[in-house]
1. Tell me yes or no: at least one residue of the range A:29-38 is at pLDDT 95 or above, of a type in the set (D, E, K, R), under 23 Å from B:E62 (Cβ atoms) and part of a loop (DSSP other than H, G, I, E, B).
2. Condition first: in contact (Cβ under 8 Å) with a residue 12 or more places away in the chain and either open to solvent by less than 40 Å² (accessible area, probe 1.4 Å) or not aromatic (F, W, Y) (or both). Now tell me which residues in the range A:34-50 satisfy that.
3. Can you confirm whether B:K85 is part of a helix (DSSP H, G or I), among the basic types (K, R), more than 18 Å from A:T61 (Cα to Cα) and facing chain A (nearest Cβ under 7 Å)?
4. For the range B:49-82, which residues satisfy the criterion of being of a type in the set (D, E), assigned to a loop (DSSP other than H, G, I, E, B) and within 9 Å of chain A (Cβ to nearest Cβ)?
5. With the structure loaded, tell me whether A:M13 is at pLDDT 95 or above and on the phi < 0 side of the Ramachandran plot or whether it fails that test.
Number of protein chains: 2
Amino acid sequence: MEDLKLALPVRIMSIYEFQEMMRRLYIKRDSDRGIEGTYDWLVEEVEELGEALKGEDKEATEKEFADVIAWLASLANIVEIDLEKAAVSKYHNLCPKCQQTPCNCTF
Amino acid sequence: MEDLKLALPVRIMSIYEFQEMMRRLYIKRDSDRGIEGTYDWLVEEVEELGEALKGEDKEATEKEFADVIAWLASLANIVEIDLEKAAVSKYHNLCPKCQQTPCNCTF
């Protein structure tokens, strides 16, 4: 029960709400930096994730995953794309290529 | 009201549930491909997003955003990291650097 209570606060964040939170925190900085600069930062965070994956530090790797989704949400904010809608429109219980679950693509 | 009904199905996908959906769809393929190959695919999707951002096709850009978060979730699955927990642990209504909302970092 204690575990469940501890787990609850991090089990209810929709992709949409995460993106809105990033908007509340960073929209001015993100807008000032612009699309190209924010994209470059996303690329840098993906590179840092790649480095973390080569190591053994799981907590550091978790932080890099957090940074990648955070910068992806920031980038979506400044280009006015709804990340949850985009994600669920393409991926919703079926593989968009073979239309099966689990994916049964043959390539 | 019609808009709200249309919007509802894509407003309730938590980051956790999206990652679990990706697990149901792709865990075997992702595991077979491995961490390095899946990371390389994530990098490729980020590059495709960068190309889409240079164009004018918003629908294509949305699909690239979808692919990046999908591959990020796939990668998190095979390294056994909870993407929502990681994201919310670092970003939760305060900038992790300046501890303010909105972010007021001076750099």
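1. No, the range A:29-38 contains no residue that is at pLDDT 95 or above, of a type in the set (D, E, K, R), under 23 Å from B:E62 (Cβ atoms) and part of a loop (DSSP other than H, G, I, E, B).
2. If the condition is that a residue be in contact (Cβ under 8 Å) with a residue 12 or more places away in the chain and either open to solvent by less than 40 Å² (accessible area, probe 1.4 Å) or not aromatic (F, W, Y) (or both), then A:G34, A:I35, A:T38, A:Y39, A:L42, A:E45, A:V46, A:E48, A:L49 are the ones that fit.
3. The answer is no for B:K85.
4. B:E80, B:D82
5. Considered against the rule, which asks whether it is at pLDDT 95 or above and on the phi < 0 side of the Ramachandran plot, A:M13 comes out as no.
The values are calculated or read from the model by the stated rules, or taken from the named source; none is laboratory data. This is a predicted model, so every value here is computed, not measured. Counting neighbours? That spans all protein chains shown, and the Cβs are built from the backbone with ideal geometry, glycine included. Heavy atoms of the whole protein, side chains included, go into the accessibility calculation; ligands, DNA and RNA do not. Shrake-Rupley method; radii C 1.70, N 1.55, O 1.52, S 1.80 Å.
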